[in-house]
Amino acid sequence: MLLSNFEYIPLRLLRRFVFRGAVLQQLASRLPYYEVSRNEVSSDPIVGEYEKYLKLAATTFRGAAVLEIGSGRTNSVGHALASKGALEVTCFEPHAGFDADRDARLLAAIARAGELDAETLAARVERVTSLAQVADASVDLVLSSSVLEHVRDLRQLMNELRRVLRPAGAMLHLVDYRDHFFKYPFHFLQFSSRVWERLLDPGDLPRWRLSGQLRVLDEAGYRVEVLARVRDDEEFAKLAHHLSSDFDAADPEIAVTHAALFARSAKCASS
């Protein structure tokens, strides 16, 4: 048994059974090794990453109808995208409650930075809690940052996104495959599915690996380009001998911690 589990397991139990919902929102910044959503502080890092990887894919959000999934408690990324030229932005967030005060402060800052009218900027951004609220074939570009690792039914989501995407539309997903107690990026791979799901899973961490997500996207009819991947073989080696049999130690992507996935419909990609 890893000695670090004497710290890791109690923290995971606390996160599962104590720090939930409103309590987590209030105290998250004080939890060891836990990070609050970046878009609650500033949209700049996320938008900068979107710009970086879209440039690699010869794509842009400028002039596009954009859907951001998993927008968190504010629409700050949507406001920033609109300020930089997105035609319209839909922020989809099915779980986190909207923090109107924080959103207003971030909107004002983004508008000032772009020398734009805040009300005009806000009018180009819509927030929805269900993809059923998004019209068929109305989206040019789907974006997400640190979201796909939390999606339990990825096949269902991909099917829904195919409905809202235009035939030539594209998706960029920035995925963080680490255990979200970041001091221990691979510790959650020690446990069987039964133990993880019953005792340790905070409810939104199904332990996806890159290879599994690529397989689901392929089966859903997307052609995916991995624009970037980051590995941490040194940290994985500390855990490798304790890997649960639910995971394949020979998986070449098992030690990937981050990836940028660019996807188009297979029909579009082959034409």
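Each value in this text was obtained by applying a stated rule to the coordinates, not by laboratory testing. Being a predicted model, the structure only gives us computed values, none of them experimental. Neighbour counts are summed over all protein chains in view; Cβ atoms, including those assigned to glycine, are modelled from backbone coordinates with ideal geometry.
Mean separation of Cα pairs under 8 Å and 6 or more residues apart, divided by the residue count, gives region 149-220 a relative contact order of 55 percent. Placing unit charges on the Cβ atoms of the charged side chains and taking the dipole of the chain about its Cα centre, the candidate lying farthest along the positive direction among ILE46, GLN213, VAL89 is GLN213. Restricting attention to the chain, close to 45% of DSSP beta bridges with both partner residues there are antiparallel. Under 24 Å of direct C-alpha separation, and excluding same-chain neighbours fewer than eight residues apart, LYS55 reaches these lysines: LYS84, LYS267.
Normalised by residue number, the volume inside the convex hull of the Cα atoms of the chain is 131 Å³ per residue. The simple spin-label model puts a point 7 Å past each Cα toward its Cβ; for ALA168 and ARG127 those points are separated by 3.3 nm.
Only Cα pairs under 8 Å and 6+ residues apart enter the sum, and on that basis the relative contact order of region 36-270 stands at 18 percent.
Inter-part distance, region 179-208 to region 62-136, computed on C-alpha centroids, equals 31 Å. By the helix-only formula, in which each DSSP H run with n ≥ 4 contributes -39500 (n - 2.57) and the sum is divided by residues, the chain has a 222 nm mean residue ellipticity of -10000 deg cm²/dmol. In terms of the mean number of neighbouring beta-carbon atoms within 10 Å, the peptides 230-236, 203-209, 87-93 order highest first as 87-93, 203-209, 230-236. In the chain, the longest principal axis of the Cα atoms and the axis of helix 44-56 are about 80 degrees apart. Database remark: amide H of TYR222 closer than 5 angstrom to the amide H of ALA266 (H placed geometrically; neighbours at sequence offset of 5 or more, or on other chains; Pro and chain starts carry no H).
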